[in-house]
Amino acid sequence: HRAAPQAALIARLNPVIRGWCNYFNSVVSKETYSSLDNYLWELTWHWANRRHPNKSGKWVANRYWRPKADRKWNFAANDKVELAQHSETEIIRHIKVKSTASPYDGNTVYWGKRLRKSPDISTRVIKLLKLQKGICTHCNSPFKVGDKWEVDHKIPLSKKGKDGYCNLQLLHDYCHDSKSAHDGSRCRTHDKSGITEEPDEAKVSCPVLKTSRSGDGLA
């Protein structure tokens, strides 16, 4: 990519950077990420200078780097196309499964927070459990083994609420009853997994995340 436009170089590098960082984001990688950012800066600096041998370093820097509030040396073609940084990757520690835990022990709360898919829990409920960190957003109490929960629209569909994750929350069944008494959305149906959900009305797209027609996953 010596002769390629800056935007093409960034488009080629970003998937590699993000993929590599995501693979190692569960271990101690911050120092390595920082070292790689420095190394990548050297490579891009040589790349830029090679293209303009008769220009000054200041001219090259102004041409290919755009300062941001949190970073001066931001290799970017424009405000929307910029080189990914290794150090921006969030480190997420891997948590071992509890010694006595089993997918067959009926602890749907625990496994719903850990798994991406489960035959006993819908994809939508698993997603909400993770987003809410296993806590009911109405009473701020954690879900426990044996609790019954319901998927709720923060703004009811009858009031033009959207059927996307930005407008969904997981509540205890009694919390949902209390909330519904105030917003007028008492009517709801049960899905095949036994989890109570509101009626599957016409789907409305969400500006952040969208669900499929069935509401069981991302579109």
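The values are calculated or read from the model by the stated rules, or taken from the named source; none is laboratory data. Note that the structure is a prediction, hence the values are computed from the model and not measured. Here the Cβ positions follow ideal geometry from the backbone for every residue, glycine too, while neighbour counts run over all protein chains shown. SASA here: full protein model, heavy atoms, side chains in, ligands and nucleic acids out. Shrake-Rupley method; radii C 1.70, N 1.55, O 1.52, S 1.80 Å.
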By residue number, the members of region 3-28 that are at pLDDT below 90, over 17 Å from H46 (Cα atoms) and either small (G, A, S) or open to solvent by 80 Å² or more (accessible area, probe 1.4 Å) (or both) are N22, Y23, S26, V28
| task | Taking I155 as the residue in question, decide whether it is open to solvent by 10 Å² or more (accessible area, probe 1.4 Å), β-branched (V, I, T), more than 21 Å from the chain's Cα centre (by Cα) and modelled with pLDDT of 80 or more. | result | yes
The condition of being open to solvent by less than 30 Å² (accessible area, probe 1.4 Å) and in a helix (DSSP H, G or I) holds, among A84, A48, only for A48
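Yes/no matrix, rows are residues, columns are (1) more than 30 Å from L9 (Cα to Cα); (2) loosely packed, with under 14 Cβ neighbours inside 10 Å; (3) among the acidic types (D, E); (4) modelled with pLDDT of 80 or more:
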residue	(1), (2), (3), (4)
N74	no, no, no, yes
R93	yes, yes, no, no
V97	yes, yes, no, no
V125	yes, no, no, yes
Q132	yes, no, no, yes
G146	yes, yes, no, no
G161	yes, no, no, no
Y165	yes, no, no, yes
